[in-house]
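Remarks on the structure that follows.
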Amino acid sequence: MRPNEMTADVMPATDASLTYIGHIETPWTRPEDCPRQGDSVAGPDCALVVAPPWLPALTGIDAYPFLDILYWMHLSRRDLILQNPDHGDAARGTFSLRSPIRPNPIGLSNVRLIGWAGNRVTVRGLECVSGTPLLDIKPDRRHFTPPSRDRAGGQTSPEAGG
């Protein structure tokens with residue numbers, strides 16, 4: 001531990017379960033080699049490898065230039081509540097940092113979609129080790145326009161303006 005850091009006594013998690021939908025392939029094999037705050041434009045090509053049951057869920061993904069990727073940072077500690085990220089004299093609370101060390105180490109990266117073929121979605125902008133479990137893929141909220149609903153609750157096309 002670094003100076004001024006603090007851990008919490010935590011009980012094993014029993015109140016939630018997650019389903020990994022695949023894994024991530026990146027050039028990095030160790031957390032310390034990963035970039036900080038990935039670059040969605042200039043970063044290296046990485047792959048989201050989607051498991052077979054989830055392949056139909058990729059339908060339409062190519063309509064979005066940017067995606068939000070959620071992943072499980074399986075190599076991260078989960079017990080620090082105060083962290084000293086810059087090795088300085090003052091620690092900060094975990095919830096005030098973007099550190100991978102969290103009670104529930106869920107990573108979020110905004111990435112640029114490069115391409116999609118079969119079960120591989122090629123993206124730029126990730127910041128995790130190769131083999132990281134993939135939790136979810138969502139269109140970037142800034143580029144997503146949900147279909148509107150008419151008053152009866154039926155779907156209408158976004159172009160119809162209804």
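The values are calculated or read from the model by the stated rules, or taken from the named source; none is laboratory data. Bear in mind the structure is a predicted one, so any value in this text is a computation, not a measurement. Using ideal geometry, Cβ is built from the backbone for each residue, glycine included, and neighbour counts are taken over all protein chains shown.
Worth a mention:
- Screening residue 83 against (1) in contact with a helix residue (DSSP H, G or I) (Cβ under 7 Å, 6 or more places away or on another chain); (2) surrounded by fewer than 15 Cβ atoms within 10 Å (Cβ to Cβ) leaves a single unmet condition, (2).
- Search result, residues across region 5-47 that are under 20 Å from residue 95 (Cα atoms) and either touching an Asp or Glu at 6+ places or on another chain (Cβ under 9 Å) or basic (Lys, Arg) (or both): 7, 8, 9, 10, 36, 37, 38
- Selection status of residue 15, touching a residue at least 40 places away in the same chain (Cβ under 8 Å) and of a type in the set (D, E, K, R): no
- Inter-residue pairs, beta-carbon under 7 Å, first free of Cβ contacts under 8 Å to residues at least 40 places away in the same chain and in region 68-79, second assigned to a loop (DSSP other than H, G, I, E, B), 6+ apart: 77/101
- Among the residues listed as 64, 71, the single one being at pLDDT 95 or above, surrounded by 15 or more Cβ atoms within 10 Å (Cβ to Cβ) and among the aromatic types (Phe, Trp, Tyr): 71
- Residue 88 vs. criteria farther than 24 Å from residue 42 by Cβ and assigned to a loop (DSSP other than H, G, I, E, B): yes
- Region 71-85, residues that are in a strand (DSSP E or B) and not polar (S, T, N, Q): 71, 72, 80, 81, 82
- Residue in region 105-115 that is in a loop (DSSP other than H, G, I, E, B) and closer than 23 Å to residue 6 by Cβ present: yes
- Within region 18-35, tally of residues that are surrounded by 10 or more Cβ atoms within 10 Å (Cβ to Cβ) and either in a loop (DSSP other than H, G, I, E, B) or among the polar types (S, T, N, Q) (or both): 10
- For region 113-122, the criterion of being surrounded by 18 or more Cβ atoms within 10 Å (Cβ to Cβ) and at pLDDT 95 or above is met by at least one residue.
- Among the residues making up region 66-102, those that are among the aliphatic types (A, V, I, L, M) and under 30 Å from residue 138 (Cα atoms) are 67, 69, 70, 73, 75, 80, 81, 97, 101.
- Among (1) more than 18 Å from residue 104 (Cα to Cα); (2) assigned to a strand (DSSP E or B) - the single one residue 54 does not satisfy: (2)
- Set 15, 68: member being in a loop (DSSP other than H, G, I, E, B) and of a type in the set (D, E, K, R): 15
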